[in-house]
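A.B. asks: Okay, here's the structure, questions in a sec.
The values are calculated or read from the model by the stated rules, or taken from the named source; none is laboratory data. This structure is a prediction, so every number in the text was calculated from the model and none was measured. Positions of Cβ are backbone-derived with ideal geometry, glycine not excepted, and every protein chain shown enters the neighbour counts.
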Number of protein chains: 2
Amino acid sequence: MTLQDVAKLAGVAPITASRAINKPDSVSSEVLKKVQAAVERTGYVPNRMAGSLASSRSRMIAAIVPSTVMSVFMQTVETLNNTLFDAGYQLMLGQSSYSVEREEALLEAVIGRRPDGIFLAGILQPGRARTRLMASGIPVVESWDLTQTPIDMLIGFSHLEIGRAVAKHLIDKGRKHFAIVLAGDERADRRATAFQQVARAQGLGEVFTVNVGDSRTLRSGRDSFIKILQGAPQTDAIFCSSDLLAMGVVTEAKARGIHVPKTLSVMGFGDVPFGADMEPALSTVRINGGDIGRMAAERLIDRAEGRKVDKPIVDVGFSIVARGSA
Amino acid sequence: MTLQDVAKLAGVAPITASRAINKPDSVSSEVLKKVQAAVERTGYVPNRMAGSLASSRSRMIAAIVPSTVMSVFMQTVETLNNTLFDAGYQLMLGQSSYSVEREEALLEAVIGRRPDGIFLAGILQPGRARTRLMASGIPVVESWDLTQTPIDMLIGFSHLEIGRAVAKHLIDKGRKHFAIVLAGDERADRRATAFQQVARAQGLGEVFTVNVGDSRTLRSGRDSFIKILQGAPQTDAIFCSSDLLAMGVVTEAKARGIHVPKTLSVMGFGDVPFGADMEPALSTVRINGGDIGRMAAERLIDRAEGRKVDKPIVDVGFSIVARGSA
DNA sequence: TTGAAAGCGCTAACAA
DNA sequence: TTGTTAGCGCTTTCAA
C-alpha cells in the first residue's frame, strides 16, 4: 500500500493525496473526503522513512542516557518522550552504560539515522564524537550539568552549588563530622569537592570519603556505612551521591540501632519518587527532571521546525529537600 | 556528504563504495583501502534512512511499555536495547501510560516508521491496533504474559500460576488471613483471582482486597495497609501487585510497631534490584526481565535477517523469592 | 487548488 | 570483483 495506490483510488495525483493527508487545509473539502475514504478503505499507513528522505526531516529525536534501570534520568526521558510524541515525534533511546567508548559508538550510529535532534543526559567531553556531532549540524541539548562550552543548547544546574548547599544545610543542623559516599561519576566528584571546600572553610575536619565505583546499589550504601563506622566512627552526617546509596546507609544505621536523624544525618541526591514516604523520609537534593525533559523537547522541536530558540541555555536549579533523615 | 562524493573521491562507483562500507569482504583490498581513506577524509556518515528505504530494512526495533519510570519492565528494555545495539540495531521507545488509546496511537505511529520488529510489554488486546499490526507483517514479540492467541511471538509467564504459588507459599508459612493490595492492571487482577481461588479451596476466609488504581506509589502501599487494618484487622499476610506497594505496606506496619514477618507476612512482585538488601529483605516474585529482553531481541533480529525462529513461544517462568518479609 | 517532473541517498538486480 | 540501471515512497519545486 503506497501513496500511489491511495491517490489512484481517490482519482487524484499522489502529491494531492499527500497534501490531503499532511495538510488537510490546503485541499478542497471534496478532495479531502475522497482521499480520506481511500485511506480508510485501504488501511494505508504512510511510509515515514520515504517521507523523511524526501523532506530531510525524520521527526525522530535521539536520547542517550547512561542507564535506564533505576536511573535518575528516567523522569526526564519519560517527559521528553511524551512531549515529543504529542508533537508527532518519536524517540530513539540509547544507553551508554557509563562508558565513553559506547557513548561514541552510539552517537556515531545515531547520527547516521539523521535525527532532527539529540538529547544527551550529561555533557559530552571533547573527542571524536563531539567533533562529529558538531559537524553534523544536528540540534543538540546537553543536560544535567552546566558548562561554558556547550555543543549547542543546555538545560542543567550546578553540581558545585549543590555540594555547597548540602554542606551548609548539614552545618546549619549542627553537624560537624562529615562523610561522603559516592559512585564513580565525575559530577558526583564535583559535588563532593565543593562539599569538602565548605567544610574546610568552616574549620571542620577532613571529610571521610567512600567510593563505591560502579556499584550503585543499596547494598553498597550499607557496606559504605560499615566502612565509615570503622574509618571515621565519629561521623554524624553523610552525603551520598544517590538516593539509593542513602537508603543503604539509613538501612544499615537502623539495623545497628543508630538513630537517623538523631545520631546521624543522611542526605541523598535525586529524590526518588518514594523518598518522601519512607521511614524516616529521605532528605535529598531534588532536581526537576520532568522540567528538563519538557524544556529539552520544546527546544528540539522548535529547532526541527525552523524556529529560533529564545533561551538555549537554562539553569533549572535544584532544591534541598529537608525531610526526616537530615 | 553522500556516498556519491566518497565514491568519486575513491575513484569507484557508488555501489562499490557502498559494498566497501557494508560488506568489506566482497571487495578487493585495494578498493577497500581507497574507500576507507575517502570516508576518513570526508567524515562521511552513511544516511541510514536512504539505505533503509532502498533495502526496506530499517534496522530499527520499536518497544512499547506502559511506563519508563520505576517500572518493572525497564530491565527488559535495557537488555533488549543492549542486545539490539550490539547487532547494529537501534531502539525506538514508546510509552503508553497504561492507556489503550495511547497505545493504539503509538502503534500507528510506529508502524509508519517501518521498524523491522516490535516489542510489546504485555499482550495486545483485540482492536484496531492489533488488526493493523497483524496486517503490517512486522515481526512482533508480546511478553510478560501468556496467551493462546499471540499476534506472533511470545516470551512470557503465567500470572495465574504466580497467584497460586504465592498463596501456597503463604499458606505453607502458616498464614490464614489474607489481604491483597493491587494497582489497576488486568494482569494483577488475574494473579489476585488465582490467589483467592487457592485460599477458598483451602477453606480460608475471603481475601480482603484494596485497589489503588493508578496510584502505584509507596504512599499507596502505606495507605492500603491502614485500610486493611480497619477492614480486616486479623490479616496476617498481604500480597501486593508490586514491590513498591509491598514496601509501603512494610513501612507502615513497622511505623505502627507491627512486626514483619512475625505478625505479618508481606509479598511483592517484580523483585526490585534493592529488595534483597532492605530490612527486612523483601519477599517477592522474581521475573527474569533480562532474559525476556535478550530472547526477544534475538528473535526479532533473526526474523529481520530472514532466519527462522525455532522457539517463537517461550514460558520463562518465575520464582518465589522467600526473604525476610515472608 | 491541483498536478508534472525531478530527486532525496541509497541498494537490489542484473550484466560485464 | 566491479559497474549500470532502476527504483524504494515520498516531498519539493515549479507550472498550470
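A.B. asks: Got a number for residues in segment A:83-117 being touching a residue at least 60 places away in the same chain (Cβ under 8 Å) and in contact with a strand residue (DSSP E or B) (Cβ under 7 Å, 6 or more places away or on another chain)? Break it down stepwise before answering.
C.D. replies: Taking segment A:83-117 as the starting set, the residues that turn out to be touching a residue at least 60 places away in the same chain (Cβ under 8 Å) are A:83-84, A:87, A:89, A:98, A:114, A:116-117.
Pick out the ones that are also in contact with a strand residue (DSSP E or B) (Cβ under 7 Å, 6 or more places away or on another chain) and you get A:84, A:89, A:116-117.
Residues meeting the conditions: 4.
A.B. asks: Right, another one. Would you list the helices (runs of 4 or more DSSP H) that sit entirely within segment B:1-106 and hold 3 or more residues that are away from DNA strand C (no atom under 12 Å from the Cβ), polar (S, T, N, Q) and crowded, with 18+ Cβ neighbours inside 10 Å?
C.D. replies: In segment B:1-106, the matching helices (runs of 4 or more DSSP H) lie at B:74-86.
A.B. asks: Would you point out the residue of segment A:222-245, among those that are more than 32 Å from the chain's Cα centre (by Cα) and of a type in the set (Gly, Ala, Ser), that is farthest from A:Ala194 (Cα to Cα)?
C.D. replies: It comes out as A:Gly231.
Let's see how each residue does on (1) closer than 30 Å to A:Gly88 by Cβ; (2) modelled with pLDDT of 95 or more:
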position: B:Ala17; (1), (2): no, yes
position: B:Arg48; (1), (2): yes, yes
position: B:Ser55; (1), (2): yes, yes
position: B:Met70; (1), (2): yes, no
position: B:Glu78; (1), (2): yes, yes
position: B:Asn81; (1), (2): yes, yes
position: B:Asp86; (1), (2): no, yes
position: B:Leu91; (1), (2): yes, yes
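A.B. asks: Hey, any hits in segment A:246-254 for a residue that's surrounded by fewer than 17 Cβ atoms within 10 Å (Cβ to Cβ) and on the phi < 0 side of the Ramachandran plot?
C.D. replies: Scanning segment A:246-254 turns up at least one residue that is surrounded by fewer than 17 Cβ atoms within 10 Å (Cβ to Cβ) and on the phi < 0 side of the Ramachandran plot.
A.B. asks: Another question, if that's okay. For segment A:138-159, check the following and say yes or no: at least one residue is within 14 Å of another protein chain (Cβ to nearest Cβ) and of a type outside the set (Asp, Glu).
C.D. replies: Yes, segment A:138-159 contains at least one residue that is within 14 Å of another protein chain (Cβ to nearest Cβ) and of a type outside the set (Asp, Glu).
A.B. asks: If A:Ala135 satisfies all but one of (1) within 14 Å of another protein chain (Cβ to nearest Cβ); (2) out of contact with any Gly (no Cβ under 7 Å at 6 or more places or on another chain), what's the number of the condition it fails?
C.D. replies: (2)
A.B. asks: Turning to a different aspect of this structure: Scan segment A:40-62 for residues that are free of Cβ contacts under 8 Å to residues at least 40 places away in the same chain and over 29 Å from A:Gly117 (Cβ atoms) and report the count.
C.D. replies: Number satisfying all stated conditions: 2.
A.B. asks: Test A:Ala194 against the criterion of being closer than 19 Å to A:His159 by Cβ and either more than 14 Å from chain B (Cβ to nearest Cβ) or at pLDDT 95 or above (or both), and give yes or no. Don't jump to the end; show me each part of the working.
C.D. replies: Working: closer than 19 Å to A:His159 by Cβ: yes; either more than 14 Å from chain B (Cβ to nearest Cβ) or at pLDDT 95 or above (or both): yes.
Yes; evaluated as a whole, the condition is true for this residue.
A.B. asks: Only one residue in A:Leu154, A:Leu133 is crowded, with 19+ Cβ neighbours inside 10 Å, in a helix (DSSP H, G or I) and touching a strand residue (DSSP E or B) at 6+ places or on another chain (Cβ under 7 Å). Which one?
C.D. replies: Values: A:Leu154 fails: in a helix (DSSP H, G or I).
Sole residue among the options that is crowded, with 19+ Cβ neighbours inside 10 Å, in a helix (DSSP H, G or I) and touching a strand residue (DSSP E or B) at 6+ places or on another chain (Cβ under 7 Å): A:Leu133.
A.B. asks: Looking only at residues that are in a helix (DSSP H, G or I) and among the aromatic types (Phe, Trp, Tyr) in segment A:189-229, which one is surrounded by the most Cβ atoms within 10 Å (Cβ to Cβ)? Before you say what the answer is, go through the steps one by one.
C.D. replies: Initially, segment A:189-229 is screened for residues in a helix (DSSP H, G or I), giving A:189-201, A:218-229.
Add one more test, that the residue is among the aromatic types (Phe, Trp, Tyr), and what stays is A:195, A:225.
Values: A:Phe195: 26, A:Phe225: 28.
Ranking the qualifying residues of segment A:189-229, first place goes to A:Phe225.
A.B. asks: Just to be sure, is B:Val31 touching a helix residue (DSSP H, G or I) at 6+ places or on another chain (Cβ under 7 Å) and either within 13 Å of DNA strand D (Cβ to nearest atom) or over 28 Å from B:Arg299 (Cα atoms) (or both)?
C.D. replies: Taking the combined requirement at face value, the residue satisfies it.
A.B. asks: Just checking, does segment A:263-286 include any residue being at pLDDT 95 or above and over 29 Å from the mean Cα position of the chain (by Cα)?
C.D. replies: Yes, segment A:263-286 has at least one match.
A.B. asks: Which one is farthest from the chain's Cα centre (by Cα) among residues in segment B:35-59 that are within 30 Å of A:Met1 (Cβ to Cβ) and more than 8 Å from every other protein chain (Cβ to nearest Cβ)?
C.D. replies: Here the residue is B:Ala54.
A.B. asks: Sticking with this one: If you go through segment B:140-151 one residue at a time, how many are out of contact with any Asp or Glu (no Cβ under 6 Å at 6 or more places or on another chain), touching a residue at least 40 places away in the same chain (Cβ under 8 Å) and not in a strand (DSSP E or B)?
C.D. replies: Of the residues in segment B:140-151, 3 are out of contact with any Asp or Glu (no Cβ under 6 Å at 6 or more places or on another chain), touching a residue at least 40 places away in the same chain (Cβ under 8 Å) and not in a strand (DSSP E or B).
A.B. asks: Looking only at segment B:88-128, which residues are of a type in the set (Asp, Glu) and over 19 Å from B:Met153 (Cβ atoms)?
C.D. replies: Result: B:Glu101, B:Glu104, B:Glu108.
A.B. asks: Let me ask you something else. Taking into account only those residues within segment A:107-127 that are buried (at least 23 other Cβ atoms within 10 Å of the Cβ) and among the hydrophobic types (A, V, I, L, M, F, W, C), which is farthest from the other protein chains (Cβ to nearest Cβ)?
C.D. replies: A:Leu120
A.B. asks: For segment B:63-80, how many residues are free of Cβ contacts under 8 Å to residues at least 24 places away in the same chain and among the polar types (S, T, N, Q)?
C.D. replies: Summing the residues that are free of Cβ contacts under 8 Å to residues at least 24 places away in the same chain and among the polar types (S, T, N, Q) in segment B:63-80 gives 1.
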